[in-house]
Amino acid sequence: MTMSRPGFVLGLLLLCAPLPPASGSSDDPAAPQVLPDKPTPPPARAPLFAADYSVRPLSIDTAANRVALFGDLHVHSAYSYDATAFGTTATPDDAYRFAQGMPLDHPLGYTAQLRKPLDFFAVTDHAMYLGTVKEAADTTTPLSQVPFAKPFHDMNNKKRRTAASVVFRTRTFKGFARKLRRAMSDGLVDPSYVLDISERAWTDIVASAQRNYTPGKFTTFVAYEYTTASPERAAIHRNVIFESEDGVPGFPFSSMHSDNPEDLWRWMDAMRNLGVDSLAIPHNSNGSDGATFALTYRSGAPIDEEYSRLRIRNEPLVEITQVKGTSETHPTLSPNDEWAGFEIFDLVTRDERPSQPEGSYVRRALQVGLAREAQGLTNLFRLGLVGASDTHTGASAIQEDAFNGKIGINDGIPLYRGSVPVPTAVKEDIERRGTSPLDEVGGRYFISNVIKYWGASGLTGVWADQNDRTSIFQALRRRETFATSGPRMPVRFFAGQDLGALSTDAPDWQRDAYRQGVTMGSELVLEADTPPTFLLAAARDPQSHPLDRLQVIKGWIDNGTMRERVFDVACSDARSPDRNTWRCTTLEDTVDPSDCAVPDAPGSSQLSARWSDPDFDASQHAFYYVRALEVPSCRWSTWDALRAGTPPREDLPATIQERAWSSPIWIQPLKSAAQ
């Protein structure tokens, strides 16, 4: 089912009606709905999946030759209505060139460039009001002549793209969507014209993905962001990734059709039945105030099996890390995990109030899914893990020592990121004008905002047969994925009850592991009550830092209670985990704060292990995933301070441990033991 032009325009008209109440229920008559127009389907082709949506089978020999590929599946260009307001002028072509290692001009004029090209990439602009701010800024367009658009005129010419324009940009952009809706409601703007703007932008996005796709070398995906909010106004956004450009709709399903994710999933089902496959990836669950993993319909009613199957069929993955925080877990949910506080941003993005941890973090969602499975229900949270940047400049900001923020001019200099102190003269001017609150830390003053809590993250890793759309999409679909906070650390993870004496020291051990066990993203169905064997390995990124340790994170259900435990299973520098605590001793932090160098750094270039759970119970539902940690290195805020010749801000971590996470392996209990 695609949305026809009349349906989209009517959706816009519904958006022009009075704003719905805070409940935002999908059965609210004022909320935009999926409209029952006669759709214009894309050209039909053979179905990609059987009724159970399983992935295509591959031979063991093929699987054993899979390679680790790294990419970013969450990138915005100037077509995103907020990105233009941030000063971004990068086109989708610019973003794809950046991913292939070429320089890209930041909105403030300096150059952003990766040290090494990526393998795959997706421009995921907001489908909502796609291209409209860019259109309003162009003084040759009809939209620019509408009175509310006047402040946007030429806002991104070189003379106006300055650091001093940040206050103007923030004030000008505020309320843009509301003003555009009112202009349509008042008859000043034809909704069909707004659709024309968005269709032109979408056509260019699709064409750009095709222009930049080089099978075997660099893969692009046609993609977009579905942008909506919970009834309580917390963001619950998703990126939709199409397997191919063949048959993609003339315009994608967005919150301008319906702000209910359940309608998005039904649309994806309908498209898939026409031969056009896609998957949705939710992100920033950490700031969703519990909405991302809530066990209720949008209306507030408890979910049922229909909802669970609909969701997991369309959302097999979750973005666990990005610039706006890491969503693995929270210290209040995992008090016995010493590494749970990594790059935590636990505020609701929209209004910066505290975001409740329950329902907002991935590890707890994995546990909740297990609990439902133990009750004989569908596990709607059997999720593979990916990472991304969410950059709004076209350039992935994933390098700690080259971090330039994600929102263009608004965080493009250290001063605006709150990582360096405000000079006295600037402080006095800010206080006189009242343009920004200030934080006092150790007798110094810093611009007060949430950007200081953001991180230089992240990337998706996949184990794919080759670098092309089909192979990478199939890896995403089968969840043979891992996430990293930026460094390109390949991670392997297998489990089986018939691995014999196989170890990671054996030649071609991956081939035998595929043959005799299962890999990340899979389910191991127990055939005996003996503990399975786990094989895991990780290698350092040669352009990053050595590895500190490999960990296995276990979640399980014990008589209805959700439990978790972290095991150190391999550690660098001849350290071995204590068999009672399953912890290795802590490495000395050797980072030199004067230049961020790590002289004579401890750590290993590779770590691997063969491991079995000492507390294994064949009657319990469980999951296991790998976390690989680097040795400590400087955080981006420390690099900012170092370059400014000032001490790092005392209330921010000076160092972090970059990391990678594998997708889980789920354990299906032995039937006789479970009974």
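The values are calculated or read from the model by the stated rules, or taken from the named source; none is laboratory data. The structure displayed is predicted, hence computed values, not measured ones. Glycine gets a Cβ as well: all are built from the backbone with ideal geometry, and neighbour counts include every protein chain shown. Keep in mind that these areas ignore ligands, DNA and RNA; they rest on the heavy atoms of the full protein, side chains included. Shrake-Rupley method; radii C 1.70, N 1.55, O 1.52, S 1.80 Å.
For Cα Rg over 2.2 N^0.38 Å, the candidate list reads (i) 1.30; (ii) 2.43; (iii) 0.94; the entry that matches the value derived from this model is (iii). Site pair residue 561 and residue 102 shows an inter-label distance of 5.9 nm when each label is modelled 7 Å from Cα along Cα→Cβ. Label positions at residue 163 and residue 574, each projected 7 Å from the Cα along the C-beta direction, are separated by 5.0 nm. Computed over the chain, relative contact order equals 14 percent, with contacts defined as Cα pairs under 8 Å that lie 6+ residues apart. Anisotropy class assigned to the stretch 539-675 is prolate, per the alpha carbon gyration tensor with a/c at or over the 1.5 cut-off and a/b larger than b/c.
The label-point distance for residue 352 and residue 511, in a model that sets each label 7 Å from Cα toward Cβ, rounds to 5.8 nm. Taking amide hydrogens as modeled 1.01 Å from N in the peptide plane, which residues meet the under 5 Å criterion relative to residue 569, leaving out close sequence neighbours? Amide H to amide H, under 5 Å and 5 or more residues apart or across chains, residue 569 pairs with 550, 551, 552. Database remark: amide H of residue 668 closer than 5 angstrom to the amide H of 524, 525, 526 (H placed geometrically; neighbours at sequence offset of 5 or more, or on other chains; Pro and chain starts carry no H).
With a Förster radius of 30 Å applied to the C-beta separation of residue 245 and residue 116, the computed FRET efficiency comes to 0.70. Shown in residue order for the stretch 65-73 are the 3J(HN,Hα) couplings computed by the Karplus curve 6.51 cos²θ - 1.76 cosθ + 1.60 at θ = phi - 60°: 9, 4, 10, 7, 10, 10, x, 10, 10 Hz (x for Gly and Pro). Only protein heavy atoms count here; on that basis, with a 1.4 Å probe, residue 312 has an accessible area of about 40 Å². Across the stretch 355-360, computed HN-Hα scalar couplings (Karplus, 6.51 cos²θ - 1.76 cosθ + 1.60, θ = phi - 60°) run 9, 5, x, 4, x, 10 Hz from first to last residue, x flagging Gly and Pro.
Calculated FRET efficiency, residue 270 and residue 170, Cβ-Cβ r, R0 25 Å, to nearest 0.05? Don't skip to the end; give the middle numbers.
On the way: r = 39 Å, r/R0 = 1.58.
Calculated value: 0.05.
When the C-alpha to C-alpha distance is required to be over 19 Å, the pairs from 116/217; 134/158; 554/671; 150/179; 324/406; 324/554 that qualify are 554/671; 324/554. Neighbours of residue 471, meaning other residues whose beta-carbon lies under 9 angstrom from its beta-carbon, give a summed charge of 0 when Lys and Arg score +1 and Asp and Glu score -1. Give the shape of the stretch 106-171 as rounded, prolate or oblate, defined through the alpha-carbon gyration tensor: a ≥ b ≥ c are the square roots of its eigenvalues, a/c under 1.5 means rounded, and otherwise the shape is prolate if a/b is larger than b/c and oblate if not. Because a/c hits 1.5 or more and a/b fails to exceed b/c, the stretch 106-171 counts as oblate.
The phi torsions of the stretch 330-347, fed into the Karplus equation with coefficients 6.51, -1.76 and 1.60 and a -60° offset, translate into couplings of 10, x, 6, 8, 10, x, 9, 9, 5, 9, 6, x, 5, 6, 7, 10, 10, 10 Hz, rounded to whole numbers, with Gly and Pro shown as x.
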